[in-house]
Amino acid sequence: MRAILRHRLGAASVTFLLLVALLAVVGPWVAPYDPLAQNQDALLQGPSAAHWLGTDNLGRDELSRLLAGSRLSLLAALEAVLVGLVLGTVPGLLSVYLGRVFEWTTLRVMDAFVTLPFLVFAVAMTALLGNGLTQAMLAVGILVSPAFYRVTRAAAFPVAGAQYVEAARLTGAPAWFVLRRHVWPKVLPAVAVTTAATLGSSLVIVSSLTFLGIGIQPPEPTWGGMLATSLEYLFQRPTAPLVPALLVILTVGACNGLADALRDVTGSREARRVAA
Amino acid sequence: MSRLARTFALLTALVAVLAGCAGVNAGAAPQTLKWGFNLPTSWDPVTSSTGNDINTISLVYASLTQLDEKGTAGPGLAESWEYEAGGTAVTFALRPGLTFTDGTPVDAEAVRQSLLRGKTQENSLLKDQLSTITDATVVDPTHVRLQLAAPDYQIPNLLAGKTGAIVSPKAFTENAAAIPTAPVGAGPFMFESFVPESEAVLVKNPGYWNADAIDVERLELTAGTDPTSVIAAVQSGALDVATITGRQVEQAKAAGLEVDVVDSFTVTQVDVHAGLAPLTDRRVVDALKYAVDRQAIIDVTNGGVGNVTYQPFPQGYVAYNPELDQAFAYDPGKARALLAEAGYAPGSLDLTVTVNSVSQATAELVQQQLQAVGVNATIKVVPPGSSTWQQEVYLGRKAQFALDGTVGRESPVQNLTVVYGPQGLMNTSKESSPEFLAALDEVRRTPLDDPRYPAVLQNAVKLGVEMSPSFSLGTSPRIAVRNPRVSALPHFLSQYRWEGVTVAAPGSRA
């Protein structure tokens, strides 16, 4: 962690992500207005002292909605990543240890997931399970799991056959001990990098889905949903899409920055070790 | 310089000279109009599945009759019609000498075959509308007689739209499966080329019965322009005419474009399913009718374009009943009182508002209005798709309170049947009072030119409105943005029409 903060991009990314997370947590308390309160006397206003980011088509305060939307957007992205993490990492590790049949089956299942396009699958899932962000992100989580599966497997595979692991096993170390002591430390950095990168892409997917109106229960605000609404009123408020769009771009950028930093940091440690 | 190139250069020069001469009078380039609109679900009137298709289908087909500006049936392919006493048979007299664009004659035999195809073709979506016609027979080459199941004086209205669009029998007997992409009719235009999902290029049909009124010589129909860029498309000349929403009027005018607001048959409404608790209590249903601020919806979601209405017809149409002008005028106090009478304390009544994904703002507005009278509404968005709304609302009948609308029908009886009839698609409760059905039957039995007709029709409308748990919200005029070089569009309640529309040369104004 300290290494990341010393990394310039890493530090910037972590700071930004913490800031967004903070806004997501305390946003509802610092918001100047109720994000759902409509005001027909103040439709589509530009930025002003009363409304820093202006008001939307129903007279709701944009800033308050943006703050309220942060929480939902981030939680949805996290949901997808967590689902992917669990569904990918666990079978990824086990595929190295549980023998041929399990390995073959999981590989084929993951290959099958890779062939499905995210958005289309998520849309189909909402049609099947009801129009909700949880359902949609569950679908996305399933589809990102191959990334975790493959990364985990690739990292665990060389370790599984290494001589010191063989030795540990021969001396009678149970499987869980081998996994924890020898395999997991090797796998963790790779998984961490994947998690950060996937968080970024999940956020893009959340924003795309909500932009399309899939998964939102109005009047619930989301970044993508606000972006979509603001585009309908470009004439009245030409700058309105900027803030939600920038927020998405910067947050995704920060996730990718964090992934880069993690890779650099863990990679260099490996390199140092090899050099030593 | 090769010979070919020289010939080409000569030709170009010649064309330029000719264009120069003709330009003095009218403009030598054909009057071309680029229209941005949805392509029909099918170019075959028998398999077209939405009411909106009439706007485009009527480019290539002429119907037996045609609605005038006010929605009254007048001559089309038929010059006139005559009912037999009792109203169980009607004979249409066709204009002599007309041909389809494939050269075959539009005679009584063609009309007979075309109408009967709508009754018999397996995948026909016109079977319901045509069920009132039991048979068609040829009297002589210009007279076709329709036998009706029961007295029904609405046939001239019924046959003014898709139902009465006449297709060339030669084309559909050769290959009926080709009609949806290669229509052959006797309408104002005919196909030059068509790219499904993209565009159709049509040229004027000189053989159309009213060809003198059509000045546009070439009509390019382009689909799929994004609403956010449609005004820019007209401004740049990519389109000449396109449909916009009320909120875009200001933008269109600021861009120096012309805007036509044309009254239409479209009326938004709430489909209330009185079979689902708590809507089984009529007082709750009535409370909802008073709780919705219709004017606010029009102002906020459609830039103030449209009128509040409490019936499924626009003002100025024969079916419009002025007695209903204040039927359920916005009165939150009365709504609260009705809810209290039904035993619901503020905040104790839950309701689901079902809406399609494009009308979310309306739902959010209604949600707040219901909140104000103590109803907790949650919004259910029906995802986009061709059958999702059907499954949720029309066929599935799962919606308590669905934000919907009727695009209207050529015959007011048809519209009333869809909205309030016992089998009506939009009547999700599927119940109708015997009084309403009797009144509707009386409308069918009253000739269109009978002086009593408006009163009889308006009475049926009133009974329908008072009986139904569903309620109308407001009219939704057709709003068209057009390049100033296109002349004003005619005001037809029923659909877009192009009679009298002219297109001046680029750069000039009509």
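The values are calculated or read from the model by the stated rules, or taken from the named source; none is laboratory data. Just so it is clear, the model here is predicted, and its values are computed rather than measured. All Cβ positions, even for glycine, are placed from backbone atoms using ideal geometry, and neighbour counts span all protein chains on display. Keep in mind that these areas ignore ligands, DNA and RNA; they rest on the heavy atoms of the full protein, side chains included. Shrake-Rupley method; radii C 1.70, N 1.55, O 1.52, S 1.80 Å.
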Exercise for the section: Quote the total accessible area buried by chains A and B together, excluding ligands, DNA and RNA, probe 1.4 Å, nearest 100 Å². Expected result: 1700
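Using a/c under 1.5 as the rounded threshold, could you call the stretch B:36-178 rounded, prolate or oblate? The axes a ≥ b ≥ c are square roots of the C-alpha gyration tensor eigenvalues, and prolate needs a/b larger than b/c, oblate otherwise.
Judged from the Cα gyration tensor, the stretch B:36-178 comes out rounded (a/c under 1.5).
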Practice task
Starting from 0 in steps of 10 Å, tell me what percent of the Cα-Cα pairs of the stretch A:59-275 lands in each bin.
Solution key: 8, 28, 28, 19, 11, 4, 1, 0
Exercise for the section: Please give the FRET efficiency for B:ALA488 paired with B:SER198, using the beta carbon to beta carbon distance and R0 = 25 Å, rounded to the nearest 0.05. Expected result: 0.30
Fill in the blank from the handout: Averaged per residue, the 1.4 Å probe accessible area of the protein assembly as shown, protein heavy atoms only, in Å², is roughly 44
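Give the carbon-plus-sulfur fraction of the accessible surface of the stretch A:59-275 in %, rounded to a whole number; probe 1.4 Å, heavy atoms of protein chains only. Walk me through the numbers before you get to the answer.
Working: 7090 of 9990 Å².
Answer for the stretch A:59-275: carbon and sulfur cover 71 percent of the accessible area.
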Handout entry: 12 Å cut-off, amide nitrogen to a point 7 angstrom out along B:GLN315 Cα→Cβ, residues in the stretch B:408-443
Key = none
Problem - Relative packing of peptides B:57-63, B:402-408 - highest average C-beta neighbours within 10 Å first - result: B:57-63, B:402-408
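Using a Förster radius of 41 Å, what is the FRET efficiency between B:ARG452 and B:SER348 based on their Cβ-Cβ separation? Nearest 0.05, please.
Values: r = 48 Å, r/R0 = 1.18.
E between B:ARG452 and B:SER348, to the nearest 0.05, is 0.25.
By the gyration tensor of its Cα atoms, with a ≥ b ≥ c the square roots of the eigenvalues, what is the shape of chain B: rounded for a/c under 1.5, prolate for a/b over b/c, or oblate? Before the final figure, lay out each step's value.
Details: a/c = 2.22, a/b = 1.39, b/c = 1.59.
Here chain B falls in the oblate category.
Do the alpha carbons of any pairs in B:LYS34/B:LYS70; B:LYS70/B:LYS380; B:LYS162/B:LYS253; B:LYS253/B:LYS380; B:LYS127/B:LYS398 sit beyond 29 Å of each other, and which pairs?
On the way: B:LYS34/B:LYS70 26 Å; B:LYS70/B:LYS380 37 Å; B:LYS162/B:LYS253 34 Å; B:LYS253/B:LYS380 35 Å; B:LYS127/B:LYS398 26 Å.
Too far apart for the 29 Å limit: B:LYS70/B:LYS380; B:LYS162/B:LYS253; B:LYS253/B:LYS380.
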Fill in the blank from the handout: One point scatterer per Cα, no solvent, Debye formula: log10 I(q)/I(0) for the protein assembly as shown at q = 0.09, 0.11 Å⁻¹ comes out as -0.98, -1.25
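Which net charge results for the neighbourhood of A:ARG237, defined as the other residues with beta-carbon distances under 15 angstrom from its beta-carbon, given Lys and Arg at +1 and Asp and Glu at -1?
Working: positive: A:ARG60, A:ARG65, B:ARG247; negative: A:ASP56, A:ASP61, A:GLU62, A:GLU232, B:GLU250.
Once all neighbours under 15 Å are counted, the net charge is -2.
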Fill in the blank from the handout: Surrounding charge for B:LEU77, neighbours by C-beta under 11 angstrom, Lys/Arg +1, Asp/Glu -1, total -1
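Sequence gap at least 6, Cα distance under 8 Å: using those rules, report the relative contact order of chain B to the nearest whole percent. Please list the in-between numbers first.
Numbers: 1074 pairs, mean separation 97.2, N = 510.
The value is 19 percent.
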Problem - Estimated FRET transfer efficiency when R0 is 56 angstrom, pair A:THR115-B:ALA213 (beta carbons, to 0.05) - result: 0.50
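If you build the Cα gyration tensor of the stretch B:267-475 and take the root of 5 times each eigenvalue, what three semi-axes come out, in whole angstrom, biggest first?
Working: eigenvalues 150, 68, 60 Å².
Rounded to whole Å, the semi-axes are 27, 18, 17.
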Completion exercise
On the accessible surface of the stretch B:267-475, probed at 1.4 Å with all protein chains in place, carbon and sulfur together account for a percent value of 51
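If we count every other residue with Cβ under 15 angstrom of B:ARG497's Cβ, Lys/Arg +1 and Asp/Glu -1, where does the sum land?
Values: positive: B:LYS70, B:LYS162, B:LYS204, B:ARG478, B:ARG482; negative: B:ASP53, B:ASP68, B:GLU69, B:ASP212, B:ASP215, B:ASP260, B:ASP263, B:GLU410, B:GLU499.
It works out to a net charge of -4.
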Completion exercise
Averaged over residues of A:213-220, the number of beta carbons from other chains lying within 10 Å of each residue's Cβ is 5
Completion exercise
Checked the stretch A:170-276 against the a/c 1.5 cut and the a/b vs b/c comparison, axes a ≥ b ≥ c from its Cα gyration tensor; verdict oblate
Handout entry: Listing of the stretch B:295-325 residues, each with accessible area lower by at least 10 Å² in the full protein assembly than in the chain alone (probe 1.4 Å)
Key = B:ALA296, B:VAL300
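Of the DSSP beta bridges with both residues in the protein assembly as shown, give the percent that are antiparallel, rounding to the nearest 5.
Numbers: 53 of 70 bridges.
Bridges in the protein assembly as shown are about 75 percent antiparallel.
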Completion exercise
The ³J(HN,Hα) series, computed from each phi in the stretch B:63-70 with the Karplus coefficients 6.51, -1.76 and 1.60 at θ = phi - 60°, rounded to the nearest Hz and given as x for glycine or proline, is 9, 4, 10, 8, 7, 7, 3, 8
Exercise for the section: State the antiparallel share, in %, of DSSP beta bridges confined to chain B, rounding to the nearest 5. Expected result: 75
Fill in the blank from the handout: For B:GLU79, the residues 5 or more places away or on another chain with a placed amide H closer than 5 Å to its own amide H are B:ALA93, B:LEU94, B:ARG95
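Report the gain in length on full extension from B:SER49 to B:ALA182: 0.36 nm times residue separation, minus Cα-Cα distance, nm rounded to one decimal.
Numbers: separation 133, 0.36 × 133 = 47.88 nm, distance 1.69 nm.
Taking 0.36 nm per residue and subtracting the Cα distance, the gain is 46.2 nm.
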Completion exercise
Check: C-alpha center the stretch B:332-389 vs C-alpha center the stretch B:269-317, spacing in Å is 11
Fill in the blank from the handout: Residues meeting the amide H criterion for B:GLN66 (H placed from the backbone, H to H distance under 5 Å, 5 or more places apart or on another chain) are B:GLY74, B:GLY76
